[in-house]
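Asker: Sharing a structure with you now.
Every number here is computed from the coordinates shown, using simple stated rules; none is lab data. Note that the structure is predicted; figures quoted are calculated from it, not measured. All Cβ positions, even for glycine, are placed from backbone atoms using ideal geometry, and neighbour counts span all protein chains on display.
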Amino acid sequence: MSEKGNKFTNILRDQSQLIILILLIVIFSITTPSFRTTGNFVNLLKQVTVIGVISCGMTIVVITGCLDLSVGSVFSLLNVVSISFQQSNNFLGIFIPLIMAVVIGFLNGFVITKFKVNSIIATLGSLSFYAGAALLYTNGAIIAGVTGTWYGFIGRGKLLGIPIHVYIFFIIAIIYQILLNNTTLGRKIKYVGTNTTAAEIAGIRSNRIRTIAFIISSVSVAIAVLIYSSRMTTGSPVTGAGFEFDAITAVVIGGTSLAGGKGSIFKTIIGVLLLAVIINALTLYNVPYAFQNIVKGFLIIIAIIIDIRVRRRIEG
Amino acid sequence: MKAEKFRNFIIEQKILLIIIAIGIFLWISSDYFLTFQNITNIFQTISFEGMIVIGMALLIIIGEIDLSVGSIMAFGAVLSVMFQSYGVFTGIVAGITGGIVIGLMNGLITTKLKLPSIAVTLGTMVFLNGVVFALTKEHTIKGTNENFVLISQTELFRIPLPVIVFIILLIIFEIILQRSIFGRHIFAIGGNATASKFFGLKVDMVRIICFTITGFLAGLAGVMLAGKLNIASGRIGGSTAVFVITAVLLGGISMEGGEGSIFKAFQGILLLGIMNNAMVIMKISSFIQEMIRGLLLILIVVIDAINIQKKRYL
């Protein structure tokens with residue numbers, strides 16, 4: 001095959017998710033008139049910001065070779081905490097969740113790296129812990145925040161007809177992408193994910209890098225919480241249930257390898273959009289909500305299989 | 001020499017000693033604890049998840065894990081409720097068959113595609129959860145056959161049937177694990193899968209059988225659980241994976257694989273059951289109970305990880 005043809009197939013393989021996304025958008029736009037409206041596209045973007053920001057944080061954890069299953073219940077906890085503080089002071093409603101997120105991320109990272117525990121099992125434990133904590137905090141009830149303050153601006157404000165939080169999502173994504181690709185920390189994150197032992201021999205403190213990754217993940221959850229709480233101005237102790245799987249699905253179908261070392265925020269955004277477009281189309285076709293989880297589960301399994309196949313082909 | 005023997009005994013049987021200590025404490029502090037009614041109650045609560053613990057113990061010993069057990073249990077429960085209109089027996093068979101099929105699927109995907117079981121079963125869990133919600137249309141469904149409740153409400157010598165089934169399964173699988181060739185293979189593969197393969201063991205086959213057994217037990221647990229009130233819903237089994245994995249590790253079976261016994265796993269689930277019972281007696285809120293369960297899992301894996309590292313440096 002010619003040099004040029006080779007390059008072309010490489011692009012096809014590298015950006016297969018992007019191509020699938022474009023194809024799906026084209027197909028759905030042709031077949032469903034209600035899909036191709038501007039309103040639906042803005043709606044679609046509005047729906048992905050919360051899970052999108054969480055997925056961006058999750059991507060960094062996955063690149064270090066770990067998984068964070070606690071994001072969903074941390075979301076629930078921070079949601080109720082944020083609203084309860086917002087009742088008295090908007091600033092507290094913003095800063096307390098962020099500070100808590102740093103602590104939670106540090107604890108997750110500390111337990112996992114210090115004792116070399118499997119991250120899935122450890123965060124399964126913290127999932128349970130924070131889910132209980134969220135329920136305990138409000139005693140199982142849904143709480144309402146104070147409406148009519150500037151707090152709601154983050155979630156409801158608009159700039160040029162596009163909601164503010166859509167901008168926040170893209171700004172976060174750009175910051176993380178720069179962090180991953182153009183900084184020393186980003187390079188260290190990838191080295192640790194590729195080969196922990198080699199990275200340590202090269203003088204990288206892998207434990208510290210992984211802990212930072214977990215902190216980034218929880219802080220992303222806190223940012224997502226701010227978007228969500230300011231839009232809804234309510235806090236429910238079970239809002240985040242299942243978010244962990246949505247985020248992992250988005251990361252994996254975007255093409256970030258679960259084995260760690262490889263991946264990008266850009267890919268995750270493609271994954272988030274891919275998932276949203278599929279779910280959006282299912283809704284427009286009147287497929288019951290319950291079937292959406294079946295589709296998600298299928299997508300996870302297929303993405304994992306493709307991921308491992310590709311990796312094996314590269315490795316020989 | 002004798003002191004050392006005593007120390008080893010304490011280290012080996014520490015969970016049993018903790019159970020006895022908590023038991024004595026509860027016996028003194030509450031009149032209710034050591035009644036026949038309460039003990040039966042504890043056993044009945046743990047019997048459903050206890051059946052799954054048996055399968056999970058086999059999987060962890062062989063070096064695998066199954067996160068989808070909760071969804072399989074819900075799937076089995078829903079199938080048994082849906083199919084019982086064709087007879088109680090059909091309902092039971094449907095639930096168990098569903099579990100076996102999913103377990104087999106987990107095993108086949110894990111071994112044939114050489115994927116990590118923790119990732120595969122994470123996918124199965126989400127997928128199956130969707131299936132269950134689709135089947136029940138997100139409602140709690142109620143059975144139509146009045147005789148179906150007999151499978152969980154029948155009592156022999158005042159002991160409920162699920163408890164009897166649980167204890168029989170414990171004994172059968174302990175014998176299989178300790179006395180049969182199949183059991184020996186499980187230990188060998190868990191200890192060193194590569195060496196076992198060179199030795200001519202059918203590694204993949206044994207793994208698939210272990211996944212299928214776990215699916216079977218989870219399906220059976222689902223059927224028995226559905227029989228309690230003759231209802232099923234997608235909300236069943238949400239925290240089962242956390243509970244069951246905690247129980248196995250608490251019993252002293254290491255994530256490293258290659259050692260353990262069903263009796264140890266039983267001690268783990270018994271301790272969890274007694275702790276739950278104690279928390280109920282002491283009127284601790286269910287939210288705090290969930291937090292404690294999460295903390296306990298983290299604590300147990302940390303202790304296990306420390307032990308594994310210690311062994312490596314020896």
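Asker: In Å, the Kirkwood hydrodynamic radius of segment B:1-114 over pairs of distinct alpha carbons?
Answerer: Result for segment B:1-114, one decimal place: 17.9 Å.
Asker: Can you compute the radius of gyration and Dmax for segment A:142-244, using only the Cα atoms, both in Å?
Answerer: Values for segment A:142-244 (Cα only, Rg and Dmax): 18.0, 55 Å.
Asker: Pairs of alpha-carbon atoms within less than 8 angstrom and 6+ residues apart define the contacts here; what relative contact order does chain A have, in percent?
Answerer: In percent, rounded to a whole number, it is 32.
Asker: May I ask for the Kirkwood hydrodynamic radius of segment A:42-194, worked out over all distinct Cα pairs and given in angstroms to one decimal?
Answerer: Across segment A:42-194, the inverse of the average 1/r is 17.2 Å.
Asker: How big is the protein assembly as shown on each of its three principal axes, counting only the C-alpha atoms and giving the largest first in Å?
Answerer: 75, 57, 53
Asker: Along the principal axes of its C-alpha atoms, what lengths does segment A:202-316 span, in descending order and rounded to whole Å?
Answerer: Result, largest extent first: 50, 32, 21 Å.
Asker: Cross-link list A:Lys190/B:Lys310; A:Lys114/B:Lys310; A:Lys114/B:Lys114: which exceed 22 angstrom alpha carbon to alpha carbon?
Answerer: Cα-Cα > 22 Å for A:Lys190/B:Lys310; A:Lys114/B:Lys114; rest within.
Asker: When a/c is below 1.5 the answer is rounded, else prolate if a/b is larger than b/c, else oblate, so apply that to segment B:249-296 with a ≥ b ≥ c taken from the square roots of the Cα gyration tensor eigenvalues.
Answerer: Note, shape of segment B:249-296 comes out oblate.
Asker: A further question on this structure: Once you list every other residue whose beta carbon is under 14 Å from the beta carbon of B:Gly234, what net charge do they have if Lys and Arg are +1 and Asp and Glu are -1?
Answerer: That works out to +1.
Asker: Something else now. May I ask for the distance between the Cα centers of segment B:78-130 and segment A:110-176, given as a whole number of Å?
Answerer: 33 Å
Asker: Can you give the Rg to Rh ratio of segment B:126-284, both from alpha-carbon atoms, with Rh computed by the Kirkwood formula?
Answerer: Radius of gyration over Kirkwood radius for segment B:126-284 works out to 1.02.
Asker: Among B:Leu104, B:Asn41, B:Asn230, pick out the residue whose Cα is farthest towards the positive end of the charge dipole of chain B, where Lys and Arg carry +1 and Asp and Glu carry -1 on C-beta, about the Cα centre.
Answerer: Farthest towards the positive end: B:Leu104.
Asker: Still on this model: What FRET efficiency, computed as 1/(1 + (r/R0)^6) with R0 = 30 Å and r the Cβ-Cβ distance, is obtained for A:Arg208 and A:Ile171, rounded to the nearest 0.05?
Answerer: Rounded to the nearest 0.05, the efficiency is 0.70.
Asker: Here's a follow-up. Given only helices, namely DSSP H runs of n ≥ 4 each adding -39500 (n - 2.57), what is the per-residue ellipticity at 222 nm of chain A, to the nearest 500 deg cm²/dmol?
Answerer: So the helix-based figure for chain A works out to -25500 deg cm²/dmol.
Asker: Could you tell me which of the pairs A:Lys267/A:Lys296; A:Lys188/A:Lys262; B:Lys14/B:Lys283 are separated by over 19 angstrom between their Cα atoms in the structure shown?
Answerer: B:Lys14/B:Lys283
Asker: Additional query: Kyte-Doolittle mean at least 0.0 and Cα extent at least 20 Å along the axis: which DSSP H helices of chain B qualify?
Answerer: Both cut-offs are met by B:14-29, B:36-62, B:69-83, B:88-112, B:117-136, B:161-179, B:203-229, B:262-281, B:286-313.
Asker: At most 12 other Cβ atoms within 10 Å plus a DSSP loop assignment makes a site exposed; report the longest stretch of chain B without any exposed trypsin sites (Lys or Arg not before Pro).
Answerer: My reading of the result: B:1-113 is the longest stretch.
Asker: Add -39500 (n - 2.57) for each DSSP H run of 4 or more in chain B, then divide by its residues: what number comes out at 222 nm, to the nearest 500 deg cm²/dmol?
Answerer: Here the helix-only value at 222 nm equals -25500 deg cm²/dmol.
Asker: Quick one: dipole size for segment B:97-251, taken about the Cα centre, charges +1 on Lys/Arg Cβ and -1 on Asp/Glu Cβ, in debye to the nearest 20.
Answerer: 340 debye
Asker: What is the Å³ per residue value for the convex hull set by the Cα atoms of chain A?
Answerer: Residue-normalised Cα hull volume stands at 156 Å³.
Asker: Calculate the length of the line joining the C-alpha centroid of segment A:190-206 to that of segment B:18-47, in whole Å.
Answerer: Answer, in whole Å: 50.
Asker: Pick from B:Asn129, B:Asn277, B:Asn38: which is most flexible by mean-square fluctuation in a GNM of chain B where alpha carbon atoms under 10 Å apart are linked?
Answerer: Largest GNM mean-square fluctuation: B:Asn38.
Asker: For segment B:265-314 and segment B:197-255, what is the separation of their C-alpha centers, rounded to whole Å?
Answerer: Using only Cα atoms to place each centre, the spacing works out to 18 Å.
Asker: Along the charge dipole of chain A, pointing to its positive end and built from +1/-1 on Cβ of Lys, Arg, Asp and Glu, which listed residue (A:Val48, A:Ile96, A:Ser16) has its Cα farthest out?
Answerer: Value: A:Ser16.
Asker: In chain A, which helices (entire DSSP H runs) extend 27 Å or more along their own long axis, judged by Cα positions, while averaging at least 0.0 on the Kyte-Doolittle scale?
Answerer: Both cut-offs are met by A:38-63, A:90-114, A:119-138, A:206-232, A:265-284, A:289-315.
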